[in-house]
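The values are calculated or read from the model by the stated rules, or taken from the named source; none is laboratory data. In this text, all values refer to a predicted model and were calculated from it rather than measured experimentally. Quick reminder, even Gly has a Cβ in these numbers, built from the backbone with ideal geometry, and neighbours come from all protein chains shown.
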Amino acid sequence: MSHHLVEARDLHYIYSDGTHAVKGVSFRITHGESVAIVGANGAGKSTLLLHLNGYLFPSQGTLIVGEYPVTKKTVSLARRAVGMVFQNPDDQLFMPTVFDDVAFGPLNMGLPESDVEARVNKALQTVGAFHLKNKPPYRLSGGEKRAVAIASVLSMSPDILVMDEPSSNLDPKSRKLLIELLKTFKHTKIIATHDLDMAVDLCERTIVLNDGKVTADGPTMDLFQNKTLLNQSNLEMPLKMQGCPVCGNGGIPG
């Protein structure tokens, strides 16, 4: 079985206050897929993502990464396979310098310092942030913080890259650079986002969540042309697929 496999089987999660955030979610994501998870606020996207490397464990059902269900006993294996980039980079950047943040994961893997330095340099070069390596994270812009947060995950060489709202609070230039960067990551990508235009650019497949349930799972372009589905999920068609209000021309053909 592929180390890149992610599979949910009748996954439920109930918070301590009784909120049933994920309700019987099932899907299977295989090697090399780029999958968007979309839905309105409160649909269960972030809760679902937090299961993928064991920040949360199912109240019922199973979440499998690679060859093993994610449990307290196997969580270390899941975290080696899954690199998680949180919605707010400040949740991920806590060391005195950028270099220290990106080195944190490889050092905790017990790698030699020479290997750690090579991984840090490569990860920072990949995201175009090598020139920032000696800066304190709090002095960075939002786009720079996002790049460094991604580098801190890439330095762990994950098989699966998971991102929660990666384009939030980015200016248009930073957003474009992020999309181009993510296109270069050839392994499995799972991206939870409100940015449906980003989903079109990066993900051939989309899973739609509504009230904690999967309401659709299929080719991104097909789903985003389904106005009934989007309306029921409190989503709007991506801008690039909408007709021009001035000239009347249509968006991207399906």
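Annotation note: of LYS176, LYS133, LYS189, the sole residue that is in contact with a Phe, Trp or Tyr (Cβ under 6 Å, 6 or more places away or on another chain) and of a type outside the set (Asp, Glu) is LYS133. With the condition kept exactly as written, say whether any residue in segment 63-78 is closer than 17 Å to TYR15 by Cβ and of a type in the set (Phe, Trp, Tyr). Checked against the condition, which is being closer than 17 Å to TYR15 by Cβ and of a type in the set (Phe, Trp, Tyr), segment 63-78 yields no hits at all.
Take the conditions (1) surrounded by fewer than 15 Cβ atoms within 10 Å (Cβ to Cβ); (2) free of Cβ contacts under 8 Å to residues at least 60 places away in the same chain; GLY32 misses just one of them, which is (2).
In the set LEU209, LEU230, only one residue is modelled with pLDDT of 85 or more and either more than 25 Å from THR188 (Cα to Cα) or surrounded by fewer than 17 Cβ atoms within 10 Å (Cβ to Cβ) (or both); that residue is LEU230. Residues in segment 35-54 that are of a type in the set (Val, Ile, Thr) and closer than 17 Å to GLN232 by Cα were compared, and the one that is surrounded by the fewest Cβ atoms within 10 Å (Cβ to Cβ) is VAL38.
With respect to ASP164, determine if the residue is modelled with pLDDT of 90 or more and surrounded by fewer than 22 Cβ atoms within 10 Å (Cβ to Cβ). For ASP164, the condition - modelled with pLDDT of 90 or more and surrounded by fewer than 22 Cβ atoms within 10 Å (Cβ to Cβ) - is met. Of the residues that sit in segment 14-29 and are free of Cβ contacts under 8 Å to residues at least 60 places away in the same chain and not β-branched (Val, Ile, Thr), which one is nearest to ALA192 (Cα to Cα)? So the residue we want is ARG28.
If the requirement is being farther than 23 Å from THR215 by Cβ, more than 18 Å from the chain's Cα centre (by Cα) and hydroxyl-bearing (Ser, Thr, Tyr), which of these qualifies: TYR13, TYR68? Criteria check complete, one pass: TYR68. Of all the residues in segment 69-87, those that are at pLDDT below 90 and loosely packed, with under 15 Cβ neighbours inside 10 Å number 1.
Checked against the criterion of being assigned to a helix (DSSP H, G or I) and touching a residue at least 24 places away in the same chain (Cβ under 8 Å), the candidates LEU209, LEU230, LEU178, LEU235 yield just one match: LEU178. How about segment 167-181: which of its residues are surrounded by fewer than 18 Cβ atoms within 10 Å (Cβ to Cβ), within 18 Å of VAL200 (Cβ to Cβ) and charged (D, E, K, R)? Across segment 167-181, the qualifying residues are LYS176, GLU180. On inspection, PHE185 passes the criterion of being within 18 Å of VAL82 (Cβ to Cβ), among the aromatic types (Phe, Trp, Tyr) and assigned to a loop (DSSP other than H, G, I, E, B). Examine segment 1-13 for a residue that is among the aromatic types (Phe, Trp, Tyr) and either more than 29 Å from LYS186 (Cβ to Cβ) or touching a Phe, Trp or Tyr at 6+ places or on another chain (Cβ under 9 Å) (or both), and state whether such a residue exists. Within segment 1-13, one or more residues are among the aromatic types (Phe, Trp, Tyr) and either more than 29 Å from LYS186 (Cβ to Cβ) or touching a Phe, Trp or Tyr at 6+ places or on another chain (Cβ under 9 Å) (or both). For LYS135, the conditions (1) more than 22 Å from ALA199 (Cα to Cα); (2) part of a loop (DSSP other than H, G, I, E, B); (3) at pLDDT below 95 are fulfilled apart from (3). Restricting attention to segment 15-39, the residues that are part of a strand (DSSP E or B), within 24 Å of LYS183 (Cβ to Cβ) and not aliphatic (A, V, I, L, M) total 3. For segment 88-118, a tally of residues being more than 18 Å from the chain's Cα centre (by Cα) and surrounded by fewer than 22 Cβ atoms within 10 Å (Cβ to Cβ) returns 19. Within segment 192-206, the set of residues being among the β-branched types (Val, Ile, Thr), outside any strand (DSSP E or B) and within 16 Å of LYS45 (Cα to Cα) comprises just one member, THR193.
For segment 56-78, the candidate set comprises residues that are without any contact (Cβ under 8 Å) to a residue 24 or more places away in the chain and of a type outside the set (A, V, I, L, M); within that set, the residue that is farthest from LYS45 (Cα to Cα) is LYS73.
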